[in-house]
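Data block below; observations after.
The values are calculated or read from the model by the stated rules, or taken from the named source; none is laboratory data. Nothing here was measured: the structure is a model prediction, and the numbers come from that model. Here the Cβ positions follow ideal geometry from the backbone for every residue, glycine too, while neighbour counts run over all protein chains shown. Please note that ligands, DNA and RNA were not included when accessible areas were found on the heavy atoms of the full protein model with its side chains. Shrake-Rupley method; radii C 1.70, N 1.55, O 1.52, S 1.80 Å.
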Amino acid sequence: MIKVVKFGGSSLASAEQFAKVGKIIQADKERRYVVPSAPGKRNAKDTKVTDMLYACYALVEAEEEFRIPLMKIKDRYDTIINGLNLKLSLEEEFRKISENFKNKAGVDYAASRGEYLNGIIMANYLGYEFVDAAEVIFFDENGDFDADKTNKVLSERLEKCKTAVVPGFYGSMPDGSIKTFSRGGSDITGSIVARAVHAACYENWTDVSGFLIADPRIIKNPEPIKTITYRELRELSYMGASVLHEDAVFPVRKAGIPINIRNTNAPEDAGTWIVESTCHQSKYTITGIAGKKGFVSVNIDKDMMNSEVGFGRKVLSAFEENNISFEHMPSGIDTMTVFVHQPEFEGKEQAVISAIHRLAKPDSIELEADLALIAVVGRGMKSTRGTAGRIFSALAHANINVKMIDQGSSELNIIIGVSNADFENAIRAIYDIFVETQL
């Protein structure tokens, strides 16, 4: 069996954290391929190395002196190297980085050096082979990830390595220049490596023991999620729950490889398993609750709307014309409501209203701002009667007015719209009815 292990920035922020990671890897000989992030914050007032690199390169682009900020970044790495008692020098690497900065190698190159340098340290510390991600992870001319080429080259390369470190977050363009994934992209690299080596498991180590049923900033000590399916995770990630980069799911999902979210600081915790499918029933009817604030509802009324062919298309064309994507679109016989992001919509609201009148000729349009959407997700909802009723009952008991409810045809999730002011209380009420009352 082969395991791919990815460690986040907080897991590699200091020599002490590196030592914890080393023990975790050495505790299981199946952990053969390691994907490190750049060093994260050592404390609340600290700065992530990636942010330091972005700031340093901003000076390069402004034609200002960048040597001192670059040396501060080198000091961060030297502190880790010295703390681990390694016979390793990054002098030559930093000389190259400085030279490439002067030659304007690009912001992606600058940002990627955090993972690149941490990968060199990790490989040296473990005695593993270092494989530069730029040589095995590829993007096409449009900057899109080239999955087929990457899988072929990476598989062939790692087949020759019993153990290896592949830095996360970046790859290369056809011209050889460095291209990064979006922030948090080391999660994606781990997933890509897991697929390439046909891993039995992809362990993603971070600073939390997996996913929680609800946001701990809203619910005190929420229950952990033991097992979650890819589809449930997608729904929760889309609505703001973030432990794993949502694009990290796709490479392993195709290969049927489970992901295990683990805690570097509590390695004995089982964490959360993310799987394609499972016969294990979750402890509760719901798997998780997540949500976002800052939506506007555009309520459109028109008599006999339901009998007018193409009415929905005409309305949505008004949003498309103004380059605005919609989130949800519940409708009735004579009414249709479109939920959109408030910051995206505010500057274009009159243009959208005008376009809807021109294209769809409604009787009236009303706007309601400062709304929040909450997703209640769970594979157990499909086989449980009265889930929506329990949600309504809990919200009514908490004196919260429901603005919208939308259930997907898969019966995997229910989306509820409430005012921004009721957002936290709504999540507490839903958590209480499904989790607290069952404890």
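Over the chain, with the other protein chains present, what is the accessible area per residue in square angstrom, probe 1.4 angstrom? The partial results should precede the final answer.
Details: 20320 Å² over 439 residues.
With the other protein chains kept in place, the chain gives 46 Å² per residue.
Rounded to the nearest 10 degrees, the inclination of helix 67-83 to the longest alpha-carbon principal axis of the chain is 70 degrees. I'd like the carbon and sulfur percentage of the solvent accessible area for the stretch 167-254, probe radius 1.4 Å, heavy atoms only, ligands and nucleic acids excluded. After summing per-atom areas, the C and S share lands at 49 percent. Compared with the alpha-carbon gap, the fully stretched path from residue 421 to residue 342 is longer by 26.9 nm at 0.36 nm per residue.
On the basis of the beta-carbon distance and an R0 of 45 Å, residue 401 and residue 159 show a calculated FRET efficiency of 0.15. Computing the accessible area with a 1.4 Å probe over protein heavy atoms, can you report the carbon and sulfur percentage for the stretch 34-110? The computed percentage sits at 48. Largest accessible area first, the residues 292, 104, 283, 302 order themselves as 283, 104, 292, 302 under a 1.4 Å probe with ligands, DNA and RNA left out.
Here residue 48 is the anchor, and the lysines within straight C-alpha reach of less than 24 Å, apart from those fewer than 8 places off in the same chain, are 6, 20, 23, 72, 74, 96, 102, 104, 179.
Of the residues 86, 236, ranked by 1.4 Å probe accessible area with the largest first, the sequence reads 86, 236.
For residue 361 and residue 23, the difference between the fully extended length at 0.36 nm per residue and the C-alpha to C-alpha distance is 115.0 nm. Give the lysines whose C-alpha is closer than 17 Å to that of residue 283, dropping any in the same chain fewer than 8 places away, or say none. Output for residue 283: 226, 382.
For the stretch 285-411, with all protein chains present and a 1.4 Å probe, just round the carbon and sulfur fraction of the accessible area to a whole percent. Working shown, then result.
Values: 3030 of 6320 Å².
Carbon and sulfur: 48 percent of the exposed surface of the stretch 285-411.
Taking a straight Cα-Cα cut-off under 13 Å and skipping sequence neighbours fewer than 8 places away in the same chain, the aspartates and glutamates within cross-link reach of residue 162 are 30, 129. One decimal place: the segment residue 278-residue 71 gains 69.5 nm when fully extended, by the rule 0.36 nm per residue minus the C-alpha distance. Label-to-label distance, residue 93 versus residue 55, with points set 7 angstrom from Cα along the beta-carbon direction: 2.1 nm. Counting only protein chain heavy atoms and rolling a 1.4 Å probe, the accessible areas of 254, 102 rank, largest first, as 254, 102.
Between helix 15-26 and the chain, what is the angle of the helix's C-alpha long axis to the longest principal axis, kept within 0 to 90° and rounded to the nearest 10? Between the helix axis and the principal axis of the chain, the angle is about 90 degrees.
The relative contact order of the stretch 334-439, computed from alpha carbon pairs under 8 Å that lie at least 6 residues apart in sequence, is 27 percent. Rounded to the nearest whole Hz, the Karplus-based 3J(HN,Hα) values (6.51 cos²θ - 1.76 cosθ + 1.60, θ = phi - 60°) of the stretch 308-323 follow the sequence 8, 5, x, 4, x, 4, 5, 5, 5, 4, 5, 6, 5, 4, 9, 6, with x at glycine and proline.
Take the Cα of residue 321, step 7 Å toward its Cβ, do the same at residue 142, and the gap between the two points is 2.7 nm. Round to the nearest 10 and give me the degree value, 0 to 90, for the angle of helix 186-196's Cα axis relative to the longest principal axis of the chain. Approximately 80 degrees, to the nearest ten. A 1.4 Å probe, protein heavy atoms only, puts the accessible area of residue 140 near 40 Å².
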